[in-house]
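The values are calculated or read from the model by the stated rules, or taken from the named source; none is laboratory data. Predicted model, so just to flag it, every value in this text is computed and none were measured. Protein only, heavy atoms only, side chains kept; ligands, DNA and RNA dropped before computing areas. Shrake-Rupley method; radii C 1.70, N 1.55, O 1.52, S 1.80 Å.
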Amino acid sequence: MANINVRIDNETKKQAEEVFTNLGLTASTAINLFYKQVIRTGSIPFELKIDTPNRKTVRAFKEIEKMEKHPQKSKPYKTTSELMVDLLK
C-alpha cells in the first residue's frame, strides 16, 4: 500500500467528505475510485474546461454582434482570394 499526502483547503475537504459520507464512502475509498477510473479510461474521468471565454474571444463575439447589427458596415466576401485582395491593399 502507498500513502499519498495532499494539501487541500479545509472547506473543500469538509464539503467533499460530506458528499463521501452521504455516498457511504471514506475519502480514501473515493480517491481510490478516482485512481481506478483514471486507469480504466486513460484520462481524467470528468470534463476539464474553462467556462468563461478569454478576452480575445469576448472581443470576437462583440465584433460579430456589431457586424450583425450593422451589416451595411461590414463587407461580405465570397472567396478567400477576394478577402486577401482587400487585406493587401
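For the residue pairs K56/K89; K36/K56; K66/K89; K14/K49, alpha carbon separations beyond 32 Å are given by K36/K56. For I4, the solvent-accessible surface computed with a 1.4 Å probe is close to 100 Å², ligands and nucleic acids excluded. Taking all protein chains together and rolling a 1.4 Å probe, V85 ends up with roughly 90 Å² accessible. The structure-derived value of log10 I(q)/I(0) by the Debye sum over Cα atoms at q = 0.11 Å⁻¹ appears in the list [x] -0.63; [y] -0.25; [z] -0.35 under the label [x]. Eigen-decomposition of the gyration tensor built on the alpha-carbon atoms of segment 1-43 gives equivalent ellipsoid semi-axes of 19, 14, 10 angstrom, largest listed first.
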